[in-house]
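Notes follow the structure.
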Amino acid sequence: TSAPAGGVYTSITGGFWHSAAIHPDGSIASWGDDFYKQVTDTPAGFDFVQVSAGSFGSLAVRTNGTVVSWGADFSGQVSGTPTGAGFVAVAAGDRHNMALRDDGVVFVWGDDAYGQVTLCPPQQQHVAIAAGQWSCYAMVDGDCDGTLPADERDEDGDGTSPCAGDCADGDPALNPDD
């Protein structure tokens, strides 16, 4: 399907095959390829505060702090969605997803071929998350603390690449061109 014409949006996200955006009324619009129902299965409602599109599906946070996922379920990235409330952010990867709860705990589920689920940082007090194609990132108190399981920066081969310092300040460990 084509991108929606006109309209006002409060946020937008782009996945590999599709995109999504949130209207000011809290509803989600999705467009792009619909091979895995990542467009037609977009949930209805007017209570969404964040959406993230991955390669084969999307996930979103509702105003009540619950998470909903849709699209392909190759590796449990839909069926493994955590239940309960208190979630404040989501991030979609290739075949894995992440959710951040208000107590700083990160949940990761789906494909673990590159350690993107099992190597996700176990510490609590995370404040932000991001998912790459085959990786996950979790920020703690303004410092980046994460895993880069499929990233060339994993120089010692242990599946992790911690970053000491403020990533926003152009830490050379994550931004060598800064």
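Some points to look at:
- Scanning the stretch 73-91 for residues being open to solvent by 30 Å² or more (accessible area, probe 1.4 Å) and on the phi > 0 side of the Ramachandran plot gives a total of 1.
Per-residue answers, yes or no, for (1) under 16 Å from ALA130 (Cα atoms); (2) among the hydrophobic types (A, V, I, L, M, F, W, C):
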position: PHE46; (1), (2): no, yes
position: VAL51; (1), (2): yes, yes
position: SER55; (1), (2): yes, no
position: ASN64; (1), (2): no, no
position: ALA92; (1), (2): yes, yes
position: ALA99; (1), (2): yes, yes
position: VAL108; (1), (2): yes, yes
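- Selection from the stretch 73-102 of residues that are outside any loop (DSSP other than H, G, I, E, B) and over 17 Å from LEU119 (Cα atoms): PHE87, VAL88, ALA89, VAL90, ARG101
- Residue count for the stretch 92-120, restricted to those that are crowded, with 18+ Cβ neighbours inside 10 Å, touching a Phe, Trp or Tyr at 6+ places or on another chain (Cβ under 8 Å) and among the aliphatic types (A, V, I, L, M): 4
- Residue that is nearest to the chain's Cα centre (by Cα), among those in the stretch 19-72 that are surrounded by 18 or more Cβ atoms within 10 Å (Cβ to Cβ), assigned to a strand (DSSP E or B) and of a type in the set (Phe, Trp, Tyr): TRP70
The values are calculated or read from the model by the stated rules, or taken from the named source; none is laboratory data. No experiment lies behind these values; they were computed from the predicted model shown. Please note: Cβ atoms are built from the backbone with ideal geometry, for glycine as well, and neighbour counts cover all protein chains shown. The area values use the complete protein model at the heavy-atom level, side chains included, leaving out ligands, DNA and RNA. Shrake-Rupley method; radii C 1.70, N 1.55, O 1.52, S 1.80 Å.
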